[in-house]
Every structure is written in structure tokens, then in C-alpha cells.
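The values are calculated or read from the model by the stated rules, or taken from the named source; none is laboratory data. Since the model is a prediction, treat every value here as computed from it, not as a measurement. Here the Cβ positions follow ideal geometry from the backbone for every residue, glycine too, while neighbour counts run over all protein chains shown. Quick note on the areas: whole protein, heavy atoms, side chains included, nothing else; ligands and nucleic acids left out. Shrake-Rupley method; radii C 1.70, N 1.55, O 1.52, S 1.80 Å.
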Amino acid sequence: MYQLKEVTKTYTRRGETVTALDHSNLAIADNDFVAIVGPSGSGKTTMLSVLGGMMAPTSGQVILDGQSVYDLSIEERTAVRGEKIGFVFQTFNLIPYLSACENVQVPLLLSGKTPDEQRKRALEMLDRVGLSDRVDHKPNELSQGQQQRVAMARTLANDPQIILADEPTGNLDSETRQQVMEYLTEFHQDGRTIVMVTHDSDSAAYAKRTIRLVDGVALDVKDARAA
Amino acid sequence: MKLRTLIWKELWQRPTTMLTSLLTVTLGVAALVAIQNITVSSERKIAGDMESLGANVLVLPDNVSLQDYYSADMHGQTMPEEYVTRLALARMPGVENLAPKLCVAATVDSIPVTLTGILPRSEFQAKSAWQGLNLIANPVGSDRGCCPTATSVGDGDSESPADLATTRSIQTLGKREVILGADIATQLGTEVGDELNLMGEDFEVLTVLPETGTVDDSRLFAHLHSVQDLSGSGPVINVIEIMACCEDAAGDLIGNLSAELPETRIVTIAQVVETQVAVNGLMSSLSWVFFSILLLVGGASIASVMFANVTERRKEIGTLMALGAGRRFVTQLFLGKATLLGVSGGLIGFLIGTVVAVVLGPQLLGIAVRPMPQLLVIGMITATVVSLLASYFPARKAAGLDPCLVFNDA
Ligand SMILES: Nc1ncnc2c1ncn2[C@@H]1O[C@H](COP(=O)(O)OP(=O)(O)O)[C@@H](O)[C@H]1O
Ligand SMILES: [Mg+2]
């Protein structure tokens, strides 16, 4: 169970206060597949960051497995992030000077695996996303679709129970977009919880549940479980 | 993969920026090492000179300014050889021995060499005999009031030509014989008894001198008159080295010499050594000043490059944080890089400085330089400390970055 309780997040910049999230409540069941949609500036990224333990809300709580994430120390929260949460970014965020395999090894290094374990696991994950023949390529030697698949292999490396994706298909052509969505669906079928921000309705259609954010307030617009 | 793999690969991704900032630190260490090496070696050499050298007065052409004892004959100015005879005939108290010299450039098998003409003592004996003076026992100076020294005790016949290295004089030397310094002999691959072609004439190698650690090691010595004839210089010399005996007897020597040869410059080795010791002290302090300045500049340049590096890698740092990297890991990432830069800056600086000193020391200053490993430790530690200090704030800035910035599309 993953919960936002009365979460408010305001940004103050040059004396102006922007309310990105306004007393939002959201409960995400284990192994749910949620799409968060909404116009630009509606607070989608803010919600994902708060969910991912990356940014403390101004008020309210984030509960993961019964634990209030922002009541943990920074170190503990970082550890929770490394163990339980995987991110997929719109711009992939691969480390340019590392090979595909090394990129996938990074979260494993951070969780304290030995180099041998790292490499073995990374190769498995790359195999899973169909990139066994590209393990030693640098990101700039890979196509956009391949880069996103490396990023997804990296997300999977520590076997996270939750995957948070911020517009994972935003930078891709329709064919690779579909491929990425199929992988996310697969990860969902593995038993993981997926929370995906998108403004593409085709991508949102893969999700079981769609949340619309309007002015920092979350509204359920589609719930496959209810239908 | 380890943290250091990450540091290493990032460093080599765009090495030029880092190498540029590294350069200042490297130069600081190199300057320190080179100058320290040279001053220390030169001090060691001076100490050695004081003990082993008897020649303690130099007679030079008037317009020569003397910087280094060993290059005293390398100034290209000449004076008539007749001065030697004048001094010999003056029979001044305190004069043990006279050693005139003429240096010319020559080539052996197209290798450039310095050929030094020297006058064996047998010449003085001949000259004295010819001039009706019977001075076989002590052909040059006077034996009045002199303490026995290496040069005066020997009767001449038992001397070996290799004594030239220490006594700066030799009993006999044939017109077509040559004596080689240790280094040049090795370089030319020549042994005793070999023939060498010098200025169109064949010379026989009489002996190879033992190593002295001075420019003499890279010189060839032949009979003064052969050198004069073959180089077409006429009867001239560059310098007269005078072995004066103990100081009491030599008390009036400088005055006597000046009176006898007013058109020359008389310099005592004590003066030379004093000047050199002073110059060395100055160089040594200067090297620390250079070192500090270059390290300051180097630290500033590392700091600015590190700050730029942190800014440029914001997204990467955010990504690492999203993937589970804590502040500690990020700090280590940058301080690790700083350590690597410091250690390599120190090491490269030490190597450059040592090579410069070892190569240039003998060529420019005529001293053999022995590398000083303790400077490696000093150089590496200081460079690392500077690099770490300079990277402290950039590393803190990196560790304090907000991980959310990974979501900012850019
Ligand atoms: N770091 C920030 N500082 C100030 N305002 C911000 C910051 N991040 C987002 N905002 C503001 O918060 C609101 C929500 O932004 P965001 O969560 O990025 O929306 P979305 O991802 O839906 O486009 C916007 O009005 C945006 O301008
Ligand atoms: Mg956004």
C-alpha cells in the first residue's frame, strides 16, 4: 500500500508562492498500474517526486508499507529509495561515460553488491530487455529506444517493488513507445506497482487506473477495477 | 564496478579540462623538485670541491664575469699563454702549481665535444731548464713556507694520469695523446689505447678519468699546444688555475698576483663558493615561493573546474541520488577525484622536475644531480591536500543538490 495523505506542496520563488499539490489524497494498492495525466504545470512531476521520497511535501504524509517516508532520516530514505523504488525518466538519464552494462550496475553498486554480482545481474537485466548484444555500448552509440530499454533494465536491477515513471514515452516515436509500454506492462505482471506520469492517452490506456490532476488535486477518472 | 571505476571513467571522458587544472599543481611540484634537486646537488658538489680541489685561485681575462667555478674556462675570452711563464718565473710564495687551460669545441664522430688543452708539468720543467733555472724538484712555485700537499709531495714520476681528476695537473702528456672524462668515454664507447680523430689528427687515448660528478666528466683533455695549433687560436689560454698552498703562505698571494698580472682578473675559489652558496640559498627559498604560488593558483583552478564539473553533472548526480546514492557517496565521488588529481599531479610533477634537474643540471650548471625521493612524498602529499581542500566546497555543493532536479527536462 502506497499512500499520499493530505499532501500539499508549495514552491516559493521570488516571493510568489505556487501551490503544486493542494491537499491531495491518493491510495495506491500493491501491484496497481496507475497513470497520472493532466495538463502541463498541473503538478504531476511534483507528485511523482513526493511519492519517490525525493522531495519533502510542505505538509501531509507519504506512507509506504506503513512507514511515513518523510519521517525517516535522509540516509534511511535514500536506502528505501534504492531498495524499493525504481525510476524511469523521460530523458533516460543514462550516465554518458558508462557502458550499457555499467549503467545497469550503478544501482547494484549503490546497494553494495560485489562487482561479480553486479555484472551478472546487469547482464540478466539487459537480456530481459533484449539488449544482450549491446552491453558494452555507450549511450551515445544506442538508439533512443535502446537507451530507454537500458534505463528500464537499470530500474529493474535492484528488483524494486514500485516503479515510478515520468513521461517514459515522451521522447520516443510511436513504435518504441509501444515497446516501452509493453515492458512496463510486463513489469506490472511481475507483481510490481507502476505509477506513470503521461500526457499521452495511448500510453495511459495501458494502465489499470487513471488519475487526473487538476490544479494540484487528484481526481480518479478511470478505474479498471471498478469497471 | 567500484566507486573508483566511476571516478576514473568520468575523468577520461573529457580529460583536457582536468589536465589543464592539474597542470598548475604539476608545475608547482615540478618547479620545487627541479630547483631543490639542483640546489641540493650543487651544495653537495661545493662541499666536495672544498675538500678535493687544490686549485683555489683563478686567473681570468679581465672582462670575464665568473658564475661557476667549473665553467671558468668556458667564456670564450682569452689571454696570452705568456702569462703562465710570467707567473712561473715570478716564483711567488704560496704557489704550488699552475694549470693553464684552453677550451675549444670539437667533434668526434660528429658528436660535439669540449676539448680542453692542458699543460703537463714536464713543460714547465723544460721551460725552466731552457731558461736556465733549475727547478726540477718544484718547477713552478717556491718551496718556501709551504705545507706538503698531494701535488707537492709526489715526485711526479709515480703519478698516474688519472690524478688529473683530483690534482688538476699531470706530469706528462704527449702531443697526440688525449685523456677522457668518464661520461664522454662511455658515450663515445672508447677505451684506453683507442685512436680518436680530433680536428683532423689521430690521438691516442692515454687514460679515462674516474667519475668526478663535474663537467670534467664530459670533457676531453689534450696537450695545450696541440689544441692551440689545431684550433688555430694562437698561443692563448682561457684561464690559469693556481694551486695555492696553505693559507698563511698564500696571504699575500692575491696582491702579488694582481701586481704581476694587472691586466687579468684574480678570483679565489672561496669567493666563488661563497657566491654560489648564497645563490643556492636564494634559489632554495625561491623554489618554495614558486611552489606556494603555483599551488595556490593550482588550488584555485581545481576549485573552479570542480565547481563547473558539479554544475555540469547536476543531472547525473540527481540520477545517482534517485538510484540510491546518499550524500556520502556523492561526496566520495568528488573527493576521490580530487585525490586522484592530487596524487597524479604530485607524481607527474616530481617526474618532470627530476628529469629537468637531471638533464639540465649537468648541461647548464655542470653539476650531477641525484634524484631526491623524499621530494616525491612532499610533492604528492601537498598536491593531494591542496586538491582536496580546493574540492571541499564543490563536493559539499554536489552532496547538497536536490535529487528532484532529475525530473527537470533539459
Ligand atoms: N522547483 C520549482 N520551483 C518553483 N516552482 C516549481 C518548481 N517545480 C515546479 N514548479 C511549479 O509547480 C507547478 C507544478 O509543476 P510540475 O509538478 O512540474 O507539473 P507537471 O509535471 O504536471 O508539468 C508548476 O506551476 C510549476 O511551475
Ligand atoms: Mg512534468
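Looking only at region A:46-77, how many residues end up being touching a residue at least 40 places away in the same chain (Cβ under 8 Å) and of a type in the set (A, V, I, L, M, F, W, C)?
8
Among the strands (runs of 3 or more DSSP E) confined wholly to region A:157-227, which include 2 or more residues that are modelled with pLDDT of 90 or more and open to solvent by less than 70 Å² (accessible area, probe 1.4 Å)? Walk me through it before giving the result.
Details: elements: A:162-166, A:193-197, A:209-214, A:217-223.
Filter on region A:157-227 gives A:162-166, A:193-197, A:209-214.
Determine whether A:LEU123 is in contact (Cβ under 8 Å) with a residue 12 or more places away in the chain, open to solvent by less than 10 Å² (accessible area, probe 1.4 Å) and within 14 Å of chain B (Cβ to nearest Cβ). Full working, then the answer.
On the way: in contact (Cβ under 8 Å) with a residue 12 or more places away in the chain: yes; open to solvent by less than 10 Å² (accessible area, probe 1.4 Å): no; within 14 Å of chain B (Cβ to nearest Cβ): yes.
No, not satisfied.
Given the conditions (1) aliphatic (A, V, I, L, M); (2) assigned to a helix (DSSP H, G or I); (3) buried (at least 17 other Cβ atoms within 10 Å of the Cβ), and given that B:ALA325 satisfies all but one, which numbered condition is not satisfied?
Only one criterion is unmet by B:ALA325, namely (2).
From B:ILE348, B:ILE352, B:ILE302, which residue is within 30 Å of A:PRO139 (Cα to Cα) and away from chain A (no Cβ under 14 Å)?
Only one candidate qualifies: B:ILE302.
Could you pull out the residue among A:VAL135, A:VAL150, A:VAL180 that is touching a Pro at 6+ places or on another chain (Cβ under 9 Å) and within 14 Å of another protein chain (Cβ to nearest Cβ)?
The unique qualifying residue is A:VAL150.
Any idea which residue in region B:353-410 is surrounded by the most Cβ atoms within 10 Å (Cβ to Cβ), counting only those that are within 16 Å of ligand 1 (Cβ to nearest atom) and assigned to a helix (DSSP H, G or I)? Lay out the reasoning, then the answer.
Applying the first criterion (within 16 Å of ligand 1 (Cβ to nearest atom)) to region B:353-410 yields B:400-410.
Now drop any that are not assigned to a helix (DSSP H, G or I), which leaves B:403-407.
Working: B:PRO403: 23, B:CYS404: 18, B:LEU405: 17, B:VAL406: 28, B:PHE407: 25.
Among residues in region B:353-410 that are within 16 Å of ligand 1 (Cβ to nearest atom) and assigned to a helix (DSSP H, G or I), the one surrounded by the most Cβ atoms within 10 Å (Cβ to Cβ) is B:VAL406.
Return the residues of region B:310-330 that are facing chain A (nearest Cβ under 8 Å) and of a type in the set (Val, Ile, Thr); say none if nothing qualifies.
Listed by number, the list holds a single entry, B:THR319.
Would you confirm, using the coordinates I've provided, whether B:ILE293 is loosely packed, with under 14 Cβ neighbours inside 10 Å, assigned to a helix (DSSP H, G or I) and modelled with pLDDT of 85 or more?
yes
Select from region A:12-49 the residues that are open to solvent by 80 Å² or more (accessible area, probe 1.4 Å) and of a type in the set (Asp, Glu) and write down the one among them that is farthest from ligand 2 (Cβ to nearest atom).
A:ASP30
Being more than 8 Å from ligand 1 (Cβ to nearest atom) and touching a helix residue (DSSP H, G or I) at 6+ places or on another chain (Cβ under 7 Å) is the filter here; which residues of region A:34-47 pass it?
A:ALA35, A:ILE36, A:VAL37
Give all pairs with beta carbons closer than 6 Å in which a residue from region A:140-153 that is open to solvent by less than 10 Å² (accessible area, probe 1.4 Å) meets a residue that is assigned to a helix (DSSP H, G or I); count only pairs at least 6 apart in sequence or on separate chains.
A:GLY145/A:THR176; A:GLN148/A:VAL180; A:VAL150/A:ALA100; A:VAL150/A:ASN103; A:MET152/A:TYR183; A:ALA153/A:VAL104; A:ALA153/A:MET125; A:ALA153/A:LEU126
Does region B:296-311 hold any residues that are farther than 14 Å from B:THR16 by Cα and not aliphatic (A, V, I, L, M), and which are they?
Matches in region B:296-311: B:GLY298, B:GLY299, B:SER304, B:PHE307, B:THR311.
Take the residues in region B:10-24 that are within 14 Å of chain A (Cβ to nearest Cβ) and open to solvent by 70 Å² or more (accessible area, probe 1.4 Å); name whichever of them is modelled with the lowest pLDDT. Talk me through it step by step, then tell me what you get.
Step one: filter region B:10-24 for residues within 14 Å of chain A (Cβ to nearest Cβ), giving B:10-15, B:17-18.
Narrowing further to those that are open to solvent by 70 Å² or more (accessible area, probe 1.4 Å): B:12-14.
On the way: B:TRP12: 88, B:GLN13: 87, B:ARG14: 81.
Ranking the candidates gives B:ARG14 first.
Do the conditions hold for B:VAL358, that is, is it touching a helix residue (DSSP H, G or I) at 6+ places or on another chain (Cβ under 8 Å), under 25 Å from B:MET306 (Cβ atoms) and touching a residue at least 24 places away in the same chain (Cβ under 8 Å)? Working first, answer last.
On the way: touching a helix residue (DSSP H, G or I) at 6+ places or on another chain (Cβ under 8 Å): yes; under 25 Å from B:MET306 (Cβ atoms): no; touching a residue at least 24 places away in the same chain (Cβ under 8 Å): yes.
So B:VAL358 fails the test.
Do we find a residue being among the hydroxyl-bearing types (Ser, Thr, Tyr), in contact with a strand residue (DSSP E or B) (Cβ under 7 Å, 6 or more places away or on another chain), within 13 Å of ligand 2 (Cβ to nearest atom) and modelled with pLDDT of 90 or more anywhere in region A:69-78?
Checked region A:69-78: no residue is among the hydroxyl-bearing types (Ser, Thr, Tyr), in contact with a strand residue (DSSP E or B) (Cβ under 7 Å, 6 or more places away or on another chain), within 13 Å of ligand 2 (Cβ to nearest atom) and modelled with pLDDT of 90 or more.
Mind checking which residues of region A:1-11 are in contact with a Pro (Cβ under 7 Å, 6 or more places away or on another chain) and within 16 Å of ligand 2 (Cβ to nearest atom)? Please lay out each step first, then the result.
Start the filter on region A:1-11 by keeping residues that are in contact with a Pro (Cβ under 7 Å, 6 or more places away or on another chain), which leaves A:7-9.
A:LYS9 - this is the single residue of region A:1-11 that is in contact with a Pro (Cβ under 7 Å, 6 or more places away or on another chain) and within 16 Å of ligand 2 (Cβ to nearest atom).
Restricting attention to region A:153-177, which residues are within 16 Å of ligand 2 (Cβ to nearest atom) and within 13 Å of another protein chain (Cβ to nearest Cβ)?
A:LEU164, A:ALA165, A:ASP166, A:GLU167, A:PRO168, A:GLY170, A:ASN171, listed by residue number.
Kindly indicate whether A:ALA79 is within 23 Å of B:ARG313 (Cβ to Cβ) and open to solvent by 10 Å² or more (accessible area, probe 1.4 Å).
Spelling it out, A:ALA79 is indeed within 23 Å of B:ARG313 (Cβ to Cβ) and open to solvent by 10 Å² or more (accessible area, probe 1.4 Å).
Given the structure, is B:THR275 among the β-branched types (Val, Ile, Thr), open to solvent by 20 Å² or more (accessible area, probe 1.4 Å) and under 24 Å from A:ILE95 (Cβ atoms)?
no
Out of B:LEU27, B:LEU6, B:LEU32, B:LEU60, report the one residue that is at pLDDT 85 or above, hydrophobic (A, V, I, L, M, F, W, C) and more than 23 Å from B:GLY345 (Cα to Cα).
After applying the criteria, what remains is B:LEU60.
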